[in-house]
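Below: one structure, written as structure tokens.
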Amino acid sequence: GGGLRVEITEYTDPACPWAWGCEPTFRLLRERTRGLATWRRVFGILFDEDDDPPPDPAAEASWYAGFIARTARHTRAPFTSRLQWVASSSWPASLAAKAAEQQGPEVAERVLRRLRESTFVRGTPADTVDRVLEAVDGVKGLDTARLRAGMAEPATLDAVRDDWHEARDPLPEARSLRAPARHPHGAGVKELEVGVRYSLPTLVVRGPSGTVVVPGWRAPEEYVAALDAVASGSDSGSGSGHGSATRPAR
């Protein structure tokens, strides 16, 4: 065939505990699909700029640490028991992760992992430019000055703004998913104060045989089934009741 025919779009956020839990599975999928599929990351902005600040930051951090711990019980991801604060904004880390893509996929992966670790391992979320730069200090192969410049570029801001909008305009297949799956929020979309966005994380897998939406935290074989469904012409992902949805290619 001429070129890669499967496209994987990952809707995520550096500060999302479910996305942190999915990281080993997604890394495995990226390895398995290397050379067979393109993989595009869209930053959904979990903590938005205009969210109201918590009236009691310490109580908020304590509550959110509990949420992280409950999530980790499902995903078996490591987590810190001492979260110093809740991220005030997902924008700085998302801008950094987007800017890091200019330095190649390996560096981008290491940067995003370090940004996730700032919350889930160290308990100090990278939610400002300074905290981001501190978090990624020493990442192998990273040009930190170039990253700082890239975070401030209008093109990077435009790209993350586009991500924000794309994440809030989910496919009809995602909107129709109600299955709880193993992710307590296994519906395809998250209701916001205004509108909806994809549940984080979500993979949207497109191929010659259609599109499959796989939200939430899943067993690796569910993602493999989605890839098989869109790549091979089988319809195994369709209406499976697992909270994935397929539509035929147009």
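Per-structure values
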quantity	calculated
Most mobile listed residue (Leu46, Leu133, Leu192) in the chain, GNM with C-alpha springs under 10 Å	Leu192
Largest to smallest accessible area among Lys190, Lys140 [probe 1.4 Å]	Lys140, Lys190
Peptides ranked, highest mean first, by Cβ atoms within 10 Å: ranges 105-117, 196-208, 73-85	196-208, 105-117, 73-85
Percent RCO, i.e. relative contact order, over segment 59-124, from Cα pairs under 8 Å lying at least 6 residues apart	38 percent
Gyration tensor (alpha-carbon) shape descriptor, segment 66-143, a/c threshold 1.5	prolate
Whole-number percent relative contact order across segment 1-102, with pairs defined as alpha carbons under 8 Å at least 6 apart	35 percent
Packing rank of 50-57, 145-152, 97-104, where each peptide gets the mean count of other beta carbons within 10 Å, highest leading	97-104, 145-152, 50-57
Long-range amide H partners of Gly210 with built H, under 5 Å	Ala249
Angle between the chain longest axis and helix 220-232 axis [Cα atoms, degrees, rounded to 10]	50 degrees
Relative contact order %, the chain, counting alpha carbon pairs below 8 Å whose residues are six or more apart	21 percent
Separation of the Val194 and Asp143 label points, Cα + 7 Å toward Cβ, nm	3.9 nm
Principal-axis tilt of helix 17-33 within the chain, Cα atoms, nearest 10 degrees	50 degrees
GluC sites (Glu not before Pro) lying in DSSP loop within segment 1-66, provided at most 11 other Cβ fall within 10 Å	Glu49
Residue among Arg34, Arg175, Arg161 with the largest mean-square fluctuation in a Gaussian network model of the chain, springs linking Cα atoms under 10 Å	Arg34
Distance in nm between pseudo-label sites at Asp56 and Asp162 (7 Å out along the Cβ direction from Cα)	4.4 nm
Theoretical ellipticity at 222 nm over the chain - DSSP helices of four or more residues, -39500 (n - 2.57) apiece, nearest 500	-13500 deg cm²/dmol
5 angstrom amide H check on Val6, placed H, neighbours 5+ away	Thr38
Debye, to nearest 20: dipole size of the chain, +1 on Lys, Arg Cβ, -1 on Asp, Glu Cβ	940 debye
Stretchable slack from Glu153 to Glu49, in nm (0.36 nm times residue separation minus alpha-carbon distance)	35.6 nm
Over segment 1-119: Rg over Rh, Cα atoms, Kirkwood Rh	1.02
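The values are calculated or read from the model by the stated rules, or taken from the named source; none is laboratory data. The model shown is predicted, which means the values in this text are computed figures rather than measured ones. Virtual Cβ from ideal backbone geometry, glycine too; neighbours counted across all protein chains shown. All accessible areas refer to the heavy atoms of the entire protein, side chains included, with ligands and DNA or RNA removed. Shrake-Rupley method; radii C 1.70, N 1.55, O 1.52, S 1.80 Å.
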